[in-house]
Amino acid sequence: MNYFAGLDIGSTAIKVALVNQEGDLIGMRVTDSGSLFHKNAKEALRVLLEQHGIAREEVRYLIATGYGRKLFKEADDSISEITANAIGAHEVGRAFGGVRTIINIGGQDSKAIQIDATGSVSNFAMNDKCAAGTGRFLDVAARNLNIDLEELGDYHFNGKGVPLTINSTCTVFAESEIIGLLANSHGKEEIVAGIHYSIAKRTVRLAKRVGIEDRVYFDGGPALNKGLVAALQDELQRELVVPEHPQTTTAFGAAILARNEFLSGNG
């Protein structure tokens, strides 16, 4: 049996996706990147294959993508995360009637991608790495608020007041702003909602630079945050397509491309 893998080595998380010869998703794994990108990527792949009883030799083609893709020398090829994200979203989006705009919020950056009807990238934009609109900002905010990252969504919906405004565009200054709001006895719920709307507003401005077309696909780890999803939908004034496993879209896209490359004879 032939299998194909996509390895998305991000700044904060490593994602692995495995597909079979028909392009069906066999399994996926998400783990922290840590400081040893190459070692941790190899281990993530090993564990996933072991879980499914697949030998490494059965993986006929592997494509690496993401921040640390060049570090994984064992890969048969490497591609940008923009391309892999587009391919993955296009494939997953078929079940929703197709998608044309992708919003991806990662650990260190945010992206907006416009794709055509075939899944090819027609335009994209990325945020400034200092902008307070990334997964890292959510991590920092949760730590300052002394709540678990997974609880942010619940806090968003539990607030009874108006979401507070977070003005800073830099994570460091936004952190100080949050601490100041706490010192002035503002509720955590209103602060969390304000954080989500701050990220949503910046993300929508980014998306407008590439053009927003129905349907809008939202992926990346922060897409697991239902409060952020709600804020984005409010700012966009439309429903978002959020996949069941938003962290692995890019790895899945790399695995699909690995399959296509091998079957086309390029592998």
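The values are calculated or read from the model by the stated rules, or taken from the named source; none is laboratory data. Computed from a prediction, not measured in an experiment: that's the story for all the values here. Here the Cβ is made from the backbone with ideal geometry for all residues, glycine too, and neighbour counts use every protein chain on show.
Listing for the model above:
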quantity	calculated
Near pairs, Cβ below 7 angstrom, 6+ apart or cross-chain, from the range 97-115 (more than 20 Å from residue 30 (Cα to Cα) and free of Cβ contacts under 8 Å to residues at least 24 places away in the same chain) to any residue that is among the aromatic types (Phe, Trp, Tyr) and part of a loop (DSSP other than H, G, I, E, B)	none
Residue match in the range 30-48 (condition: surrounded by fewer than 22 Cβ atoms within 10 Å (Cβ to Cβ), in a strand (DSSP E or B), within 18 Å of the chain's Cα centre (by Cα) and among the aliphatic types (A, V, I, L, M))	yes
From 206, 263, residue being touching a residue at least 60 places away in the same chain (Cβ under 8 Å) and within 18 Å of the chain's Cα centre (by Cα)	206
Any pair with Cβ under 6 angstrom, 6 or more apart, that starts in the range 1-15 at a residue that is closer than 10 Å to residue 64 by Cβ and ends at one that is surrounded by fewer than 24 Cβ atoms within 10 Å (Cβ to Cβ) and β-branched (Val, Ile, Thr)	5/59
Selection count where residues are of a type in the set (D, E, K, R) and at pLDDT 95 or above, scope the range 210-228	2
Identity of the residue in the range 49-71, without any contact (Cβ under 8 Å) to a residue 12 or more places away in the chain and assigned to a helix (DSSP H, G or I), that ends up nearest to residue 8 (Cα to Cα)	70
Verdict on residue 232 being within 30 Å of residue 25 (Cα to Cα), crowded, with 18+ Cβ neighbours inside 10 Å and either free of Cβ contacts under 8 Å to residues at least 40 places away in the same chain or not small (Gly, Ala, Ser) (or both)	yes
Filtered residue count, the range 176-203, keeping only those that are among the β-branched types (Val, Ile, Thr) and surrounded by fewer than 20 Cβ atoms within 10 Å (Cβ to Cβ)	1
Residue, surrounded by the most Cβ atoms within 10 Å (Cβ to Cβ), within the range 84-104, restricted to residues that are touching a Leu at 6+ places or on another chain (Cβ under 8 Å) and closer than 26 Å to residue 137 by Cβ	84
Scan of the range 170-217 for residues that are over 13 Å from residue 152 (Cβ atoms), in a helix (DSSP H, G or I), touching a Ser or Thr at 6+ places or on another chain (Cβ under 7 Å) and of a type outside the set (S, T, N, Q), ordered by number	174, 177, 206, 207
